[in-house]
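The block underneath contains the structure these notes are about, expressed in structure tokens.
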Amino acid sequence: MPVRSNRVEFERDDGVVVRYVRHSNGGGLVSPRARVADDATVAATAYVEEGAVIDERARIGDWSWVEQGVHVEHDAVVSRHVRLGVGSVVGAGARVGEYAQLGAGAYVAPRARVEPDEAVPDGAVVGDAQERAAA
């Protein structure tokens, strides 16, 4: 049985080498410059980029991409094949359906839902906007 390395490197098209570490819960690829709670789950085929924060008990599904500066709050669920744009926020207990895309700076309020295949524009708010002001 092959042994899977905990460290992975890729060279981008522009020649820059990016490094990831496999998360202990799920095996997903996490930038060393991201912060992911030990009890969060990052699926083996998911990526978490630098500056992202994944809080306690949050789940990131297969083939999902968490871009730079994203914050996924505690108990949120991001389904498979989802892209969370730069600086977006998924509130506590929120759910993002499969194949959904959040634009840069989008905000999903706590316990709100993003439907499967939904495209949320840059800077848009899903759910109660007052929850964002209180955060």
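The values are calculated or read from the model by the stated rules, or taken from the named source; none is laboratory data. These numbers come from a predicted model, not from an experiment. Positions of Cβ are backbone-derived with ideal geometry, glycine not excepted, and every protein chain shown enters the neighbour counts.
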Original post:
Out of all the residues in the stretch 105-124, which are free of Cβ contacts under 8 Å to residues at least 24 places away in the same chain and either of a type in the set (Asp, Glu) or in a loop (DSSP other than H, G, I, E, B) (or both)?
Top reply: Gly105, Ala106, Ala109, Arg111, Ala112, Glu115, Asp117, Glu118, Pro121, Gly123, Ala124
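Does Val86 fit the bill of being within 8 Å of the chain's Cα centre (by Cα) and hydrophobic (A, V, I, L, M, F, W, C)? Even if it seems obvious, please write down each step before you answer.
Details: within 8 Å of the chain's Cα centre (by Cα): no; hydrophobic (A, V, I, L, M, F, W, C): yes.
No: the conditions fail for Val86.
Might you let me know whether the stretch 84-91 holds any residue that is within 18 Å of Gly127 (Cα to Cα), buried (at least 17 other Cβ atoms within 10 Å of the Cβ) and in contact with a His (Cβ under 7 Å, 6 or more places away or on another chain)?
Yes, the conditions are met somewhere in the stretch 84-91.
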Original post:
Is it true that some residue in the stretch 84-98 is of a type in the set (Val, Ile, Thr), touching a strand residue (DSSP E or B) at 6+ places or on another chain (Cβ under 6 Å) and either in a loop (DSSP other than H, G, I, E, B) or within 18 Å of Thr45 (Cβ to Cβ) (or both)?
Top reply: yes
Original post:
What is the residue count in the stretch 85-124 for residues that are in contact with a helix residue (DSSP H, G or I) (Cβ under 7 Å, 6 or more places away or on another chain) and closer than 19 Å to Glu49 by Cα?
Top reply: 2
Subject >> Lone qualifier among Ala44, Ala34, Ala52, Ala58 - being buried (at least 18 other Cβ atoms within 10 Å of the Cβ), more than 22 Å from Ala112 (Cα to Cα), of a type in the set (A, V, I, L, M, F, W, C) and in contact (Cβ under 8 Å) with a residue 12 or more places away in the chain >> reply: Ala34
**OP:** Check Glu56, Glu50 and return the single one that is touching a strand residue (DSSP E or B) at 6+ places or on another chain (Cβ under 9 Å) and either modelled with pLDDT of 95 or more or assigned to a loop (DSSP other than H, G, I, E, B) (or both).
**Re:** Glu50
